[in-house]
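Below is one structure; the comments refer to it alone.
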Amino acid sequence: MRIAQVSPLYERVPPLYYGGTERIVAFLTEELVRQGHEVTLFASGDSLTRARLRPIIPRALRLDGSYADPIAPHVVLVERVFQELAHFDVVHFHIDYLHYPLLRRQKTPALTTLHGRLDLPELRLLYAEFREVGVVSISNAQRRPLPWLNWLGTVYHGLPPEQHAFRDTPGQYLAFVSRLSPEKGAERAIAIARRAGLPLKLAGKVDAVDRAYFEAVVKPLLREPGVEYLGEISEAEKDALLGQAAALLFPITWPEPFGLVMIEAMACGTPVIAFPYGSVPEVIDDGVTGFVVPDVDAAVQAVARLDTLSRQRCRETFLARFTAARMAQDYLRLYARLLAGP
């Protein structure tokens with residue numbers, strides 16, 4: 001099958017540091033190539049892939065810094081994709097909605113995976129206009145604000161099994177790996193770790209929009225003992241951090257569409273203690289791969305019960321549900337449905 005994967009340009013594929021969407025595009029692209037498909041990747045020029053790379057800009061936007069308007073190169077990206085439509089059996093977009101006006105004016109089978117939250121009021125206006133566009137959710141919870149869209153399916157994210165090493169023996173600390181933003185809950189993770197009597201290792205980037213929150217809420221807490229802030233870390237550093245942790249803390253308060261770090265932890269054998277928002281109840285098997293808890297008090301109690309969980313079971317659940325091969329097969333079924341027609 002001749003498949004085009006269309007990635008955002010904010011990070012390279014795969015990202016050097018943070019970048020969930022581009023990381024999933026990388027894993028899907030490489031697995032499709034491994035399975036013998038002819039894949040073209042539209043992405044930044046610094047991307048690394050075994051697929052045929054169609055570079056739009058030399059370097060990813062966040063690493064370049066010379067682009068004041070990030071939408072302009074994405075408009076060029078859309079134009080380049082549509083110039084080459086005749087070369088593909090199916091086109092898979094990961095860039096939200098920029099391509100919708102052109103998509104409705106052509107016949108090449110296409111689908112769009114939605115990687116973000118859908119509870120924003122302007123999206124209701126947008127999808128009322130483009131309700132025919134075929135979209136894919138990354139969790140069933142992601143669909144709730146707009147259940148009437150043209151949903152083709154739900155495909156959970158997947159990782160290559162070799163991406164993270166299984167570690168049977170936990171360390172004596174808790175981990176938090178995420179954007180440092182209010183909805184992700186770094187300050188709640190610090191409170192949980194302190195009350196549980198365990199150190200916390202905190203890793204993640206701070207976006208410009210979250211700088212005030214970080215300076216006012218999180219940074220003062222870092223001055224106290226028991227919290228180590230590692231900044232934004234690489235994939236190898238993340239593997240070691242998650243794999244050696246007693247648990248990953250995921251105390252979110254927003255409708256998380258998926259939460260890639262949860263399955264990264266499970267791949268290492270590390271259980272997750274998470275609040276029950278968005279995709280969390282779909283990803284975490286409560287009492288098996290972690291604990292789904294309502295608040296900080298319950299999370300502290302869950303830390304005391306971590307020894308009742310099997311790290312081997314966490315890894316086995318990851319292998320059964322969240323591998324890149326399973327993700328690719330799910331998407332290939334959707335591609336085949338599109339090619340078969342209505």
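Once you charge only the Cβ atoms, +1 for Lys and Arg and -1 for Asp and Glu, what is the size of the charge dipole of the stretch 162-321 about its Cα centre, to the nearest 20 debye?
It works out to roughly 300 debye.
Once Lys and Arg get +1 and Asp and Glu get -1 on their Cβ, which of PHE130, HIS157, SER7 lies farthest toward the positive end of the dipole of the chain?
Most positive-ward Cα: PHE130.
Run the helix sum for the chain: -39,500 (n - 2.57) per DSSP H stretch of 4+ residues, divided by residue count, reported at 222 nm to the nearest 500 deg cm²/dmol.
Result for the chain, helices only: -10000 deg cm²/dmol.
Using the Kirkwood formula over every pair of different C-alpha atoms, what hydrodynamic radius in Å results for the stretch 248-306?
About 11.1 Å for the stretch 248-306.
Once you have the Cα-Cα distance between ARG313 and ARG337, take 0.36 nm times their residue separation minus that, and quote the gain in nm to one decimal.
Extra length available between ARG313 and ARG337 comes to 5.2 nm.
Kirkwood hydrodynamic radius (Cα pairs, Å) of the stretch 1-148?
With all distinct Cα pairs of the stretch 1-148 included, I get 15.8 Å.
For GLN301 and ALA208, compute 0.36 nm times the residue count separating them, minus their Cα-Cα distance, and round to one decimal in nm.
30.0 nm
How much net charge surrounds VAL283 when only the other residues with a Cβ under 12 Å from the Cβ of VAL283 are counted, with Lys and Arg +1 and Asp and Glu -1?
-4
Around ARG144, which amide H atoms from residues at least 5 apart in sequence, or from another chain, sit under 5 Å from its own amide H, with H modelled in the peptide plane?
For ARG144, no residues qualify.
For the chain, just say rounded, prolate or oblate: build the C-alpha gyration tensor, square-root its eigenvalues into a ≥ b ≥ c, call rounded for a/c under 1.5, and beyond that prolate if a/b exceeds b/c, oblate if not.
prolate
Just to be sure I understand: with springs between alpha-carbon atoms less than 10 Å apart, which residue in LEU111, LEU200, LEU123 has the highest mean-square fluctuation in the Gaussian network model of the chain?
Its mean-square fluctuation being the largest, the pick is LEU123.
Using Cα pairs closer than 8 Å and at least 6 residues apart in sequence, work out the relative contact order for the stretch 166-267, in percent.
In percent, rounded to a whole number, it is 40.
If the chain between ARG124 and ASP168 were fully stretched, how many nm would it gain, using 0.36 nm times the residue separation less the Cα-Cα distance?
Fully extending the segment from ARG124 to ASP168 adds 11.2 nm.
Could you derive backbone 3J(HN,Hα) for the stretch 13-21 from the dihedral phi with the Karplus parameters 6.51, -1.76 and 1.60 (θ = phi - 60°), listing whole Hz in sequence and x where the residue is Gly or Pro?
Those phi angles translate into 10, x, x, 6, 10, 6, x, x, 4 Hz.
So what are the ³J(HN,Hα) numbers for the stretch 27-34, from phi and the Karplus equation (6.51, -1.76, 1.60; θ = phi - 60°), rounded to whole Hz, Gly and Pro as x?
Running phi through 6.51 cos²θ - 1.76 cosθ + 1.60 with θ = phi - 60° gives 5, 5, 4, 5, 5, 5, 4, 4 Hz.
Cα atoms only: what Rg and Dmax, in Å, come out for the stretch 162-321?
14.3, 42
Using a 10 Å cut-off on Cβ atoms, rank the peptides 19-28, 281-290, 264-273 from the highest mean neighbour count down.
264-273, 19-28, 281-290
Let me know the shape class of the stretch 141-183, please: from the alpha-carbon gyration tensor, a ≥ b ≥ c as square roots of the eigenvalues, rounded when a/c is under 1.5, otherwise prolate if a/b is greater than b/c, or oblate.
Judged from the Cα gyration tensor, the stretch 141-183 comes out oblate (a/c at least 1.5, b/c at or above a/b).
Hand me the tally of lysine pairs in the stretch 86-231: alpha carbons under 23 angstrom apart, and the pair either on different chains or 8 or more positions apart.
Taking the Cα cut-off of 23 Å, the pair count is 5.
Give a residue-ordered list of calculated ³J(HN,Hα) values for the stretch 225-242 (Karplus: 6.51 cos²θ - 1.76 cosθ + 1.60, θ = phi - 60°; whole Hz; x for Gly, Pro).
x, x, 10, 10, 9, 9, x, 7, 10, 7, 4, 5, 5, 5, 4, 5, 4, 5
FYI, it's all coordinate maths here, none of it is from the lab. Here the structure is a predicted model, which is why all the values come from computation and not from measurement. Glycine gets a Cβ as well: all are built from the backbone with ideal geometry, and neighbour counts include every protein chain shown.
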